[in-house]
1. Take B:VAL257 and decide whether it is out of contact with any Cys (no Cβ under 6 Å at 6 or more places or on another chain) and farther than 30 Å from B:ALA222 by Cα.
2. Enumerate the helices (runs of 4 or more DSSP H) found wholly within region B:339-424, keeping only those where 2 or more residues are farther than 27 Å from A:PRO216 by Cα and at the interface with chain A (Cβ under 9 Å from one of its Cβ atoms).
3. From B:GLN93, B:GLN108, grab the single residue that is in a helix (DSSP H, G or I) and either among the aromatic types (Phe, Trp, Tyr) or assigned by the TED database to the domain that holds B:LEU250 (or both).
4. Let me confirm something: among A:GLY199, A:GLY240, A:GLY267, which residue is within 14 Å of another protein chain (Cβ to nearest Cβ) and in a loop (DSSP other than H, G, I, E, B)?
5. Considering every residue within region B:354-368, establish whether at least one is at negative phi, at pLDDT below 85 and in contact with a strand residue (DSSP E or B) (Cβ under 9 Å, 6 or more places away or on another chain).
6. Looking at B:GLY280, is it under 27 Å from B:VAL364 (Cα atoms) and either part of a loop (DSSP other than H, G, I, E, B) or not assigned by the TED database to the domain that holds B:PRO443 (or both)?
7. Regarding region A:204-222, can at least one residue be identified that is away from every other protein chain (no Cβ under 14 Å), among the polar types (S, T, N, Q) and either assigned to a helix (DSSP H, G or I) or crowded, with 22+ Cβ neighbours inside 10 Å (or both)?
8. Condition check: closer than 17 Å to B:PRO177 by Cα and at pLDDT 85 or above. Does B:ALA95 satisfy that?
Amino acid sequence: MTVPKNQPSPRALAWRRRGAAFTAGWREFAKQRAGLVGLGLLAVIVLLAILAPVITDREGLDVTKATGDRMESPSWEFLLGTDRPGRSVLLLTLWSARISLTVGFVATLLSVAIGTIIGILAAHYGRWVSAGLMRITDFFLVLPSLVLAIALSTVLERGIGTIILAIGLTSWPSAARLVRAQTLTIEARPYIERARALGGGHFHVISKHVLPAVLPLVFVNTTLAVGSAIVAESTLSFLGLGDPDPMRPSWGSMLRSAWLDSAIIAGAWWYLLPPGIAIGIVVLAFTMCGRALESVLNPRLREG
Amino acid sequence: MPLLELRDLSVRYRNRGVEAVRGVNLTLDAGETLGLAGESGCGKSTLAMSVLRLLPPNADISGEILLDGEDVTTMKWGRLRAVRWTSAAIVFQGAMHALNPVQRVRDQIAEPIELHSKTEYSASALRKRVHELLAQVELPAEKGDSYPHELSGGQKQRVMIAMALACEPRLVIADEPTTALDVIVQAQVLALMSDLVAEKDIGLVMISHDLAVLASTCERLAVMYQGSLVEEGLSAEVITNPQHTHTQTLAAAFPTVGDPGSRYAPATSTTLPDAVPAPGDELLRTSDLHVTFRTRGVTHAVAGVDLSVRRGEIVALVGQSGSGKTTLARTILGLQEPTSGQVTYDGKPVPRSTRGLKAYRRQVQLVLQDPTSALNPRHSVYESIAEGLRIHKVPGDEREHVAAALDAAELRPPQEFMPLLPHQLSGGQRQRVVIAGALALEPKLLVADEPVASLDASVRGEILALLLRLRANLGLAALVITHDLGLAWNIADRVAVMYQGELVEVGPVDEVLNDPKHDYTRSLLAALPTTQPKETDLASG
């Protein structure tokens, strides 16, 4: 057998095929207006959060250097008014996005990673491995996650890291169950048997057959989970378990200080609404994106 | 007036473009039986479903479907509902999936009666009617209380037939009613259907890809090919003197066991090896092999099997489903641990350690029943074949190995097939890819589990011929697991008949199939549907 030299290598072909699959997937995604709107919103928010140090001055977060008055109503100088120490609420909301999004993304990655690994291992090895891992999953599933997160944040040092850990460690069980179910259906396919008969070991079966088939599902799950992680972060921060440093605000801690400063009684709606609406918009955007992705990857959900 | 008349019927699926059914004309009178034959995708199921307008909404029907003189295509929704099941009923394909798993079969049989019957049935009258129906399909009344999973395949098929008869329809359409069944059960179901037709004077349209099955139950045969009706006539004539080339292929695909002309000669358009090479020394042996499962009671799946395969020999392992033949194959491959006894390969016991098994699996390769599910849909042909090479880190140029394997499996030119994904291939090509994937590791023995059971009749012969050529050219030994005695007759040197976990008869094919010693082998042979028309009494198992 001679091989023509001009023929692309199978690896290149595989990548080209993936590229084509991605384009086709994108086209399907683009057909869904809600998904596009969600993606657009996210792009704008993430961009603003990343560019916050460029377009604004971090010094404005320092309470000692605050230029505004106490709870000033919106004006041309402060578009969304000021908080109690006199800082711009717009500036706070913008910088909070950085913390909220970071916690949301990292905590979700952590939880999905734990969930995926446990789910795949449980389904692949079966028997006592599965029994053991699933009992651990059940344990975390029945624990009230908020209580566990509060307990964790009180035991560990307060800060972003702790919050990420608390959210990540409490939200993985549903991902694990989902991945396990999907892995079980993949493992029942005859091509897994064929791979075994070819001599493939556990690592081969998992990395070549199971993981690529499970990943799309994991991806959708991640997108949908970021929203709830952001809500969880806000909840914990609102309860006073977040980062105490006023230079690192999050939407949750903004709500907390608005509440502590009796913003409602003072009639300072501009203090309370921006972080709340920001949380709502981000969660909605992630959900719209996630649903659109889901229907791209699972054609059965498509209408018509 | 004929019971069913199709006038220039065409069906087109909007998303596919090609017409699934093209201008078919057919008539059927009450008390008549018509067999509809054809390969998968020829439009025979579409045709059947169109009679009751059960097609998906994206199907466009043109032409007329006259059921008792009334056109189904123009019926109002209410009238159509009334006609469904009372005038015509369908026995769906795959009884395993067409029954509701969480309802007792009694309730499922009663369902159409409750929905359609004009007279109100009281609870006890309904119960009595269900018992009558169960009796008609030769099931005891107690079976009505079972759930589908508690019934065997044949019993489920009977329940399906009882359901179809529930409203005393004048026309019954049976879509592949026996495909998933064993020969013996198949013979029973076919006999039952012929009896019912004769007794109740109903019209029967039976759909199958197996001409022998149709010929043994139906008076007339119609053959479909790519949506058109290519041949129609009396069964005996169509079978013995097929006119259209496609009918000839179908008729030749299933050999008559005992016919010397088809010994070592599966129906194929390619050349077969001239001589049958003499087998060499013993390659694989199982001695007193037992495999026992302990889930829900004790099942002796394999109960003391002694079987040997010599170099370059094709051995057929024949038995009905549940006889333990697949478990035996899995044990030979080391995918299932034996409870006792051992498998020896090349004089040495097969290792149980992970590393030892890996080396062993280079020598012995598996070919699975359904090539569609045996290939990862995300992997290209190249990747599927290279998988084994990568696992074993076979030295040399990977691309050349893959090309050689594709060439050996007769997928030529190899370069064209490499980048394709499984869904771009036909069923036969997919099975060749699976075989090529096994050949890439240059094994000595191929274990093939029902290698052609899910393939079309015309492809069947090609794959079997490929196995014969591989044996002749590469000296490959094969253990072919099958329920199909015709396959054993076509390619095997020796046949081993398995029944309830034990080998009841082992010997050269000519000897065992021409002169069976064991009762079970005899009943298997007797249950084979013959291409003789139905006047000769159908053997029932």
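1. No: the conditions fail for B:VAL257.
2. Ranges flagged: B:354-363, B:398-408, B:414-417.
3. Checking each option against the conditions leaves just B:GLN108.
4. A:GLY199
5. Yes - at least one qualifying residue is present in region B:354-368.
6. When the stated conditions are applied, B:GLY280 passes them.
7. Yes.
8. Against the criterion (closer than 17 Å to B:PRO177 by Cα and at pLDDT 85 or above), B:ALA95 does not qualify.
The values are calculated or read from the model by the stated rules, or taken from the named source; none is laboratory data. Nothing here was measured: the structure is a model prediction, and the numbers come from that model. Don't worry about glycine lacking a Cβ; one is built from the backbone with ideal geometry, like all the others, and counts go over all protein chains shown.
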